[in-house]
Amino acid sequence: GVWLYVKGKEYFLNYETYPYFKDQTVRAIQNVKLLHSFHIFWPALDVDLEIDNLENPEKYPLKSKS
């Protein structure tokens, strides 16, 4: 998985829940932007997450099927 440090907190994005990070380069994963103080965006991967998704995963039961 991938560790993410945002606004003073650490989050672990495991590959089972977030498979779009699994086969990516370190450079693509490290190219991440925080927009509007709650929106996390990986432009090279076209992946968008909100901090609330990471803090309250039970509210977002849908998972990627890729």
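The values are calculated or read from the model by the stated rules, or taken from the named source; none is laboratory data. Owing to the predicted nature of the structure, the values given are computational and were not obtained by experimental measurement. Remember, those area values only see protein heavy atoms, side chains included, never the ligands or the DNA or RNA. Shrake-Rupley method; radii C 1.70, N 1.55, O 1.52, S 1.80 Å.
Here are the numbers:
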read-out	value
Non-local Lys pairs in the chain, i.e. 8 or more apart or on different chains, that have alpha carbons under 19 Å apart	5
Helix-derived mean residue ellipticity, 222 nm - over the chain, DSSP H n ≥ 4, -39500 (n - 2.57), to 500	-3000 deg cm²/dmol
Volume in Å³ per residue [convex hull over Cα atoms, computed for the chain]	87
Amide hydrogen neighbours beyond the local backbone of V6, cut-off 5 Å, H modeled	Y11
Hz values of 3J(HN,Hα) by residue in the range 7-24 - Karplus curve (6.51, -1.76, 1.60), Gly and Pro given as x	6, x, 10, 9, 10, 9, 9, 6, 5, 5, 7, 10, x, 5, 9, 4, 9, 9
Under-5 Å amide H pairs with I40, H placed in peptide plane, nonlocal only	L35, L49, E50, I51
Surface accessible to a 1.4 Å probe, per residue, for the residues of the chain, Å²	74
